[in-house]
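FYI, it's all coordinate maths here, none of it is from the lab. Just so you know, these numbers come straight off a predicted model, no measurement behind them. Heads up, the Cβs are rebuilt from the backbone with ideal geometry, glycines too, and the neighbour counts pull from every protein chain shown.
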Amino acid sequence: MTAYDTKLGLYVGGEWLDAAGRDTHDLLNPATGQGQASLPLASAADLDRALEAADRGFKEWRATAPEKRAAVMTKTAQLLRERANAIAQTATLEQGKPLVEAKGEVAYAAALLDFHAGEALRNYGRVLPRPSGTRSLVLHQPVGPVAAFCAWNFPILNVVRKLSPAVAAGCSIILKPSEETAGSAVEVLRCFQDAGLPGDVAQIVFGVPDQVSRHLLASPVTRKLSFTGSVPVGKHLAKLAADTMMKVTMELGGHGPVLVFDDCDLDATLDTLVAHKFRNAGQVCIAPTRFYVQAGIYERFAAGFAERTGRLKVGDGMEKTTQMGPMANPRRPEAIAELVADAKGQGARLLSGGERGDGGFFFQPTVLADVPDSARAMNDEPFGPLALLTPFDSEADAIERANRLPFGLAAYCFTENGRRQARLGDEIEAGMVAINNVRLSWADSPFGGVKDSGYGSEDGPEGVAAHMVTKTVHSA
Ligand code: NAD
């Protein structure tokens, strides 16, 4: 069995801080439920030190040539690729996902760094037309030190999605990744450090989440909040951020509708959707969740979905044959079990799965059909391996039901009708819509939601722009 060997610590002002004299958190292996490492937690004094360092780091980094910033990022991407196997292993051991998925995260993270390195060089302002001898300039300047918090579901990518745009823009950052997946974040930060990022520019801290966020967001040093996590925590943090009027990016939960029309290529659609649904054990903010299927093909779709789901190989993410690993923490299987019991109690038909597994935090890939809108799972984000199937009659009915929740992150549509594709793209309330495919995440494309799913985008040029403020300079 592969042992967890990442040396955990806080990184503040260019120095790694260990557990001596600090509280600690036990890091678990989700495949076994057993502890495997001890994580130091930041004290209030550590957080003050991080704020002081970020203040210094911002002054240094905003004055650094964009070419230098880009070079550090490109080198970081190279180191991530070189260390992909070791970093992916850490991610799988602490988060549970199959190793191949963790390696995919590293590859995407490296591509994002490369893209944002280019954006650092493309920070063009504008020169406005004015009478000869006078000038009006529009400048984009880094917003200042960033406080960022991110969840455990993509332990490598979520971290890079916070660090990369901040570093490209010329900001400093204090990042609190999830305590449950600390090692992946530590490994990523070592790549930045080894690539030559000055010590004060990026700090990484762990702690009691509410204490850390209150501390960092109350400080006048912090000029931007960036958060990836649940809607309730996002709303709470946005309120804290309002007190100092800082800039905010919110990457929150979703409840992805999937609209499957009777003119789609059914077998190809099923193959694509089943693989995508159970990626990362369904713990994905853009996961396809509510499957609205046109009545004429509903029973065939349900049978095909259940049959493919039943064939998935569930196991330890370190095993080569595993297609779906355990859930990341003990809270998730418990939540999914409750949602399944509630839906069945309201008349849903269980077509596949429905039970927890042995040892670790396993839950079987599960398919429920005929799920009524009143079921809790149809309203709360399941964030797990749970597919909810229900039939629809007309396009208008499907769109109305897709839009009925406060979430607006990802949506998927399968139809060969071009006019309908255009209408769906226009009318579905979501930040990202995929038609006849499931890929919504690209380094050059903004990633984000509308409604309760948040505001602001990560990735693409928009991710870096979100770390800038606009200034005009008029001279005569
Ligand atoms: P959670 O909201 O308690 O935690 C999510 C993340 O936010 C964790 O990493 C946690 O450390 C951090 N967090 C929690 N409270 C915080 C605070 N006061 N200040 C700063 N950070 C804080 O939820 P959870 O039980 O870990 O995850 C379950 C829910 O989270 C899911 O139902 C899903 O909605 C949501 N989630 C969303 C995403 C996403 O990509 N949008 C990712 C992971 C989890």
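Computed over the chain, relative contact order equals 19 percent, with contacts defined as Cα pairs under 8 Å that lie 6+ residues apart. Bridges between two residues of segment 256-435, per DSSP, are antiparallel at a rate of about 15%. Please determine, in degrees from 0 to 90 and to the nearest 10, the orientation of helix 157-169 with respect to the longest principal axis defined by the Cα atoms of the chain, where the helix direction is its Cα long axis. Value to nearest ten degrees: 30. Principal-axis analysis of the Cα atoms of the chain puts helix 331-345 at an angle of about 30° to the longest axis.
Taking a ≥ b ≥ c as the square roots of the Cα gyration tensor eigenvalues, with a/c under 1.5 meaning rounded and otherwise prolate when a/b beats b/c, else oblate, which class fits segment 42-103? Oblate, because a/c is 1.5 or more while a/b does not exceed b/c. Pairs of alpha-carbon atoms within less than 8 angstrom and 6+ residues apart define the contacts here; what relative contact order does segment 38-151 have, in percent? Computed over segment 38-151, the figure is 25 percent.
In terms of the mean number of neighbouring beta-carbon atoms within 10 Å, the peptides 462-471, 63-72 order highest first as 462-471, 63-72.
Among the trypsin sites (Lys or Arg not before Pro) in segment 267-376, those located in a DSSP loop and surrounded by at most 13 other Cβ atoms within 10 Å of their own Cβ are Arg311, Lys313, Lys320. What separates the Cα centres of segment 428-459 and segment 283-312 is a distance of 21 Å. If you take the Cα centroid of segment 198-252 and the Cα centroid of segment 125-147, the two points sit 28 Å apart.
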